[in-house]
Amino acid sequence: MKKWIPIVSGLLVGFIAATISFADFSGKTNTEAASSNKSNAEKVYVPFGQKDDYYLFASGGHSGQMFIYGVPSMRKIRTIPVFSQDSATGYGFDEHSKKLMGGYTWGDLHHPAFSETKGDYDGKWMFATDVGNSRAAVVDLKTFTTKDIIKVPNTAGPHCAAFVTENTEYMFLPTRFAVPVGQKYESLDDYSQKYRGVMSAVTFDEKNVKLNIAYQVALPPWSYDLSDAGKKGSADWAVMTTYNTEESTTTMEVNASQADRDYIVLFNWKELEKMVKEGKYEDVDGQKMIYPEKQKGGIYLVPVAKSPHGVDVTPDGKFFIASGKLAPTMTVFSFEKAFKAVENKEFAGERNGIPILNYKSVMEREVNPENALGPLHTQFDDKGMAYTTMFISSEIVKWDPKTGKTLDRVPVQYSPGHSVAAEGDTVSPDGHWLVALNKIAKDTYLSVGPSHPESMQLIDISGKMKVILSAPVDPEPHYAQMIKADKIKTINVYPKDTKNPDAVYKQNDTKIVRKGNEVHVYGIAMRSRFIFDHKAKRPDVIEVNQGDHVFIHLTNIDFDEDITHGFAINSYDLNMEVQPGQTNTMEFTADKAGTFPIYCTNFCSALHQEMNGYFLVKPKN
Ligand code: K7E
Ligand code: CUA
């Protein structure tokens, strides 16, 4: 099987395969192609005055952000800054967002997940994790802004997330890289004894808008790749794929692909919750840590073809499907069979104290569509049919999980990672639309040099699958979620918060207060001026002494939708935004003496260019 490895790294092969399959599926005359292009265009055309049917939330990968698109138009609507600084919105510059970011400047956002109620997207919250700096975030869908971020200890890259349970009870964050608990120094020679693949159970306190770690599980030192929560009859369970069960510590590309089988970890989170309640855990620096070799129960291993990547639960909650990555196989497993095997203790041994279930007693069927290579991730339509991305043969294969029969396939350009179906992770997907998230765009768009954008391709799945639109996207859409537009209810302006001591809503309340070398500015932004101190000779000027510690509290008193103001201090590397009704704070030390213009960065009125002032810093001596 070693021969697969160069193929995976060699995208060229994927490119050739895609070209071949194109030849198989096209062969239309020009007139046919023109008329089918016309009807494709009509399907995605959203006339002026109308809006898209779906929101698509695409992960921004190592940009650290989330991108919002409309479907079917595939127009990009917004970037939500989550894990990285963003000067367009001042995210990571104002005090609130700077604190959220926890001192980090970038992130690697892989898998966005909506909050769910009864297994259906409820349109309230969006979760995401950061592989780059091991964080988890929650975004408020009333404002499309990041509300909380936590650093996840003992975990190095929670790639295998975020997927929420049926009623958003938990979000499980397993690690991609095994590290010693506490990320302390340990020799790699002691990898198997000292390293762990810690998984965190994160809860979301909706009232206080806070993410919390309920407990952690010190799993074996393997890499945890993808996960999914059970649904309906399997709602108390979750599954995740592993690789490097070889526990190799170097040249993973070769060494982590030796064993014929890796595992799916199958666990019952209700049982783990119970164990924690009963005190069956150890205290590790304030975290409740379950060690599966000591605190037994609730966790099982299911053997699966080597180095699986995606694992996806069918909408009816009856099966979970693992995709082979290095074996061209989708393996369908039955939850019911797994429950029986657990009950009858049909174990084929154990690893690190975790029982291994018999492959044969859990496996439902192995599916190998002809010449389909590199299966990665599976989505579902309204009829329960499966759509699996083929990274190497660059196509989407539609198949029936109940029979394993291939129903349709369509080439995409090129090398799709995930795809996303309309409401695809719910108990009732919508069908109609599937978007392939492709790693390689190559010849698709106007060239911008050696590196091209990634690409999302909209596929009409209402009949025979058809790619009808390509949209370029910034790096890197690993995964996306597509939700019915009417499920999301945004607010128009931030309501007045009279309890906020930093907020001022009247010109006459603006003031600059000095306490020793601390300067607090309570100002307002309005069309088209700043007022920092209404009593001052020049109300739009802030004057401080070099070395002063400055707090600028700014409230936007334009309670009108879309009237956002920016606040930047030229050459001070400072910038923030205040949305309608919002109060934001900037904190810094005025260490540079001189004269620095203040200006509004967001074009807010015909007199936007006049919306400025001065920041004067008197030299020390
Ligand atoms: Cu397959 Cu990070 Cu979900 Cu990318 S992962 S493709
Ligand atoms: Cu305020 Cu431009």
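Data overview
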{"read-out": "Cα-Cα separations in the stretch 176-287 greater than 19 Å, expressed as whole percent", "value": "55"}
{"read-out": "Selection from Thr242, Pro580, His534, by position along the positive dipole direction of the chain (Cβ)", "value": "His534"}
{"read-out": "Calculated from backbone phi, Karplus (6.51, -1.76, 1.60) coupling profile of the stretch 466-480 in Hz, x at Gly/Pro", "value": "8, 6, 10, 7, 10, 10, x, 9, 5, x, 9, x, 6, 9, 8"}
{"read-out": "Positive dipole terminus of the chain, leading residue within His478, Val311, Met74 (C-beta point charges)", "value": "Met74"}
{"read-out": "Protection proxy ranking, peptides 304-314, 519-529, average beta carbon neighbours within 10 Å, highest first", "value": "304-314, 519-529"}
{"read-out": "Cα pair distances exceeding 18 angstrom across the stretch 391-459, given as percent", "value": "46"}
{"read-out": "Pair-distance profile P(r), taking every C-alpha pair of the stretch 332-459, with 5 angstrom steps and integer %", "value": "2, 11, 16, 16, 15, 12, 11, 8, 5, 2, 1, 0"}
{"read-out": "Using θ = phi - 60° and Karplus 6.51 cos²θ - 1.76 cosθ + 1.60, couplings along the stretch 311-320 (whole Hz; Gly, Pro as x)", "value": "9, 9, 8, 5, x, 7, x, 8, 10, 10"}
{"read-out": "With eigenvalues of the C-alpha gyration tensor scaled by 5 and rooted, the stretch 507-618, Å", "value": "22, 14, 12"}
{"read-out": "Length gained when the stretch Gln609-Glu587 is fully extended (0.36 nm per residue, less Cα-Cα span)", "value": "5.4 nm"}
{"read-out": "Computed FRET value (nearest 0.05) for Ala259 with Tyr445, which takes r as the C-beta separation and R₀ as 51 Å", "value": "0.80"}
{"read-out": "At q = 0.15, 0.22, 0.28 Å⁻¹, base-10 log of I(q)/I(0) for the stretch 46-107 (Debye sum, equal scatterers on each alpha carbon)", "value": "-0.52, -0.82, -1.07"}
{"read-out": "Bridge type composition, the stretch 507-618 - antiparallel percent by DSSP, nearest 5", "value": "70"}
{"read-out": "Highest average packing first - 37-50, 363-376, 443-456, 58-71, Cβ atoms within 10 Å", "value": "58-71, 363-376, 443-456, 37-50"}
{"read-out": "Segments 283-294, 497-508 sorted - mean Cβ within 10 Å per residue, highest first", "value": "283-294, 497-508"}
{"read-out": "Straight-distance crosslink candidates among aspartates and glutamates, where the alpha carbon sits under 17 Å from Lys442 and sequence neighbours closer than 8 are dropped", "value": "Glu395, Glu454, Asp474, Glu476"}
{"read-out": "Mean-position separation - Cα centroids, the stretch 511-541 and the stretch 209-273, in angstrom", "value": "54"}
{"read-out": "Entries of Lys325/Lys464; Lys439/Lys466; Lys118/Lys405; Lys210/Lys288 with Cα pairs more than 21 Å apart", "value": "Lys325/Lys464; Lys118/Lys405"}
{"read-out": "Kyte-Doolittle mean at least 0.5, axial Cα span of 15 Å or more - DSSP H helices of the chain", "value": "11-25"}
{"read-out": "Part-to-part distance (alpha-carbon centres) for the stretch 142-176 and the stretch 400-458, which is given in Å", "value": "24"}
{"read-out": "Assigned charges on the beta-carbon of Lys, Arg, Asp, Glu; the chain dipole about Cα centre (debye)", "value": "300"}
{"read-out": "Within the chain, percent of DSSP bridges classed antiparallel, to nearest 5", "value": "90"}
{"read-out": "Cα centroid separation - the stretch 52-97 against the stretch 307-354, whole Å", "value": "35"}
{"read-out": "Global form of the stretch 556-613, assessed from the alpha-carbon gyration tensor, a/c cut-off 1.5", "value": "oblate"}
{"read-out": "The stretch 303-351: projected area of the alpha-carbon convex hull, averaged over directions, in nm²", "value": "3.9"}
{"read-out": "Distance (nanometres) between label positions extended 7 Å along Cα→Cβ at Glu366 and Arg538", "value": "7.8"}
{"read-out": "Calculated FRET efficiency for the pair Phe551/Asn508, C-beta based, R₀ 25 Å, to 0.05", "value": "0.75"}
{"read-out": "Alpha-carbon Rg/Rh ratio, for the chain, with Rh computed the Kirkwood way", "value": "1.01"}
{"read-out": "Ratio of Rg to Rh over the stretch 56-185 (Cα coordinates, Kirkwood Rh, two decimals)", "value": "0.98"}
{"read-out": "Percentage relative contact order, the stretch 28-146, counting C-alpha pairs under 8 Å, at least six apart", "value": "18"}
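Just so you know, all these numbers are worked out from the coordinates, no wet-lab data involved. Every value quoted in this text rests on a predicted model; they were computed, and no experiment measured them. Here Cβ is always computed from backbone atoms with ideal geometry, including for glycine, and neighbour counts include all displayed protein chains.
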